[in-house]
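Okay, structure first, notes after.
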Amino acid sequence: MNILGIESSCDETGVALVESRGEGTPALLAHALHTQIDMHQAYGGVVPELASRDHIRRVVPLVRQVMAAAGRTLQDVDVVAYTQGPGLAGALLVGAGVACALAASLDRPTLPIHHLEGHLLSPFLSADPPEFPFVALLVSGGHTQLMRVDGVAQYELLGETIDDAAGEAFDKSAKLMGLGYPGGPALARLAEFGDASTFDLPRPLLHSGDLDFSFAGLKTAVRTRLAGLGANVCQQDLAHLAASTQQAIVDVLVRKSVNALKQTGLDRLVVAGGVGANASLRRQLNEACAKRRVRVHYPELALCTDNGAMIALAAALRLQSGAQAATRDFAFGVKPRWPLADVVRHAA
Ligand code: KG4
Ligand code: ZN
């Protein structure tokens, strides 16, 4: 069974084709991505209306590109999956509309997918896929959550951010430092030239005893330190501040992940979402987990940030596990705000 996946929740148009054999890990036949980073850079962040219009321009050519790369035609598509939420309403509508129109014209069923479930399951496409059960650290631009994952559609929230997400902390701090958008990778690059012990920045909720996060205070601290450095701050001080900021975020993510592993007694950690691409986070998580004989799994670097492969994969795994059936009503509604708990399968 061939499943086409379409992702358009934010600033990346992603399309992919996976093949499911009914069990085991589905095979990624082809995927293609167009990132809008260059377009939004001039504005310092994502402009929702521009994002929607660009998705309209890109999505059909990307579908053609994926079908050609996979050596298949549209007639070979059995199910069309798309991101239904959460994300920007207008951007989601483009992917959902194209997916449902395409499915209707081919007379194939559709499957709406939760964007975070895509991230969560994306390490199954890596060379070293995880096994259930595991603890998942989901760190994206909009979400920071720790979850217990017992199987497809079996997710239990262990803790989450009470304000900003980890990616937001990277992005907002980077913006204050004048590093542009998206801030995470830019801040990480600058941090390589700095000493993380230079600035003592807060690590909110580090010792709170629960698995929740809070990052809003960090950007305020960064703003205060920047003001202290004055208008003519030198590049080296900025690099020290970037390194200190990154370390404050990484410290909290590592500590809480270890606490979640202790609390659940599980010995596997899966890291997913854009911030999972951060090299410093990967290094320090690997060290902390190696000490505890915990295995850590990551998505391939190219599949850490938003992409269509994770959406097609999540659809394939939901179909294979019987968690969801594809339907042919072709009516679509998007869900800009949508808790992951809504896609959990409850015991019959
Ligand atoms: O998962 P994602 O692509 O989109 C959302 O679903 O939000 O995550 C985007 C986030 C942004 O905040 C971006 O700055 C961050 O991931 N990010 C990084 C890195 N690469 C992407 N943060 C830190 N270091 C990176 N290398
Ligand atoms: Zn995402």
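Counting only residues that are over 30 Å from Gly45 (Cα atoms) and either near ligand 1 (Cβ under 10 Å from one of its atoms) or aliphatic (A, V, I, L, M) (or both), segment 138-154 holds 3 of them.
Checked against (1) in contact with a helix residue (DSSP H, G or I) (Cβ under 8 Å, 6 or more places away or on another chain); (2) within 16 Å of ligand 2 (Cβ to nearest atom); (3) over 20 Å from Gln324 (Cβ atoms); (4) not small (Gly, Ala, Ser), Thr161 passes all but a single condition, namely (1).
Scanning segment 260-276 for residues that are without any contact (Cβ under 8 Å) to a residue 60 or more places away in the chain and surrounded by 19 or more Cβ atoms within 10 Å (Cβ to Cβ) yields nothing. Filtered by the rule that a residue be of a type in the set (A, V, I, L, M, F, W, C), more than 16 Å from ligand 1 (Cβ to nearest atom) and farther than 18 Å from Arg318 by Cβ, segment 119-137 gives Ala127, Val135.
Looking at segment 314-330, can you tell me whether even one residue there is crowded, with 22+ Cβ neighbours inside 10 Å and in contact with a His (Cβ under 8 Å, 6 or more places away or on another chain)? Looking through segment 314-330, at least one residue is crowded, with 22+ Cβ neighbours inside 10 Å and in contact with a His (Cβ under 8 Å, 6 or more places away or on another chain). Determine whether Leu116 is open to solvent by less than 40 Å² (accessible area, probe 1.4 Å), touching a helix residue (DSSP H, G or I) at 6+ places or on another chain (Cβ under 7 Å), under 20 Å from Asp212 (Cα atoms) and near ligand 1 (Cβ under 8 Å from one of its atoms). Answer is yes for this residue. Considering (1) in contact with a helix residue (DSSP H, G or I) (Cβ under 8 Å, 6 or more places away or on another chain); (2) in a helix (DSSP H, G or I); (3) of a type outside the set (A, V, I, L, M, F, W, C), the lone condition that Gly22 does not fulfil carries the number (2). Within segment 211-235, residues that are surrounded by fewer than 11 Cβ atoms within 10 Å (Cβ to Cβ) reach partners that are part of a helix (DSSP H, G or I) and not acidic (Asp, Glu) with beta carbons closer than 9 Å, at six or more positions or on different chains, in the pairs Gln235/Leu190.
Listed conditions (1) outside any helix (DSSP H, G or I); (2) more than 30 Å from Gln235 (Cα to Cα); (3) open to solvent by less than 50 Å² (accessible area, probe 1.4 Å) are all met by Glu131, apart from (3).
Within segment 3-20, residues that are farther than 27 Å from Tyr181 by Cα have Cβ atoms under 8 Å from residues that are within 16 Å of ligand 1 (Cβ to nearest atom) and open to solvent by 10 Å² or more (accessible area, probe 1.4 Å) in these pairs: Leu17/His31, counting only partners at least 6 apart in sequence or on another chain. Scanning segment 260-297 for residues that are in a loop (DSSP other than H, G, I, E, B), of a type outside the set (Lys, Arg) and over 29 Å from Ala242 (Cβ atoms) turns up Gly265, Leu266, Asp267.
Checking the conditions here, which among Ala104, Ala81 is hydrophobic (A, V, I, L, M, F, W, C), touching a Phe, Trp or Tyr at 6+ places or on another chain (Cβ under 6 Å) and farther than 17 Å from His34 by Cα?
Ala104
The values are calculated or read from the model by the stated rules, or taken from the named source; none is laboratory data. The structure displayed is predicted, hence computed values, not measured ones. Every residue, glycine as well, gets a Cβ built from its backbone with ideal geometry; the counts of neighbours run over all protein chains shown. Just so you know, the surface numbers come from the protein's heavy atoms only, side chains and all, with ligands and any DNA or RNA stripped out. Shrake-Rupley method; radii C 1.70, N 1.55, O 1.52, S 1.80 Å.
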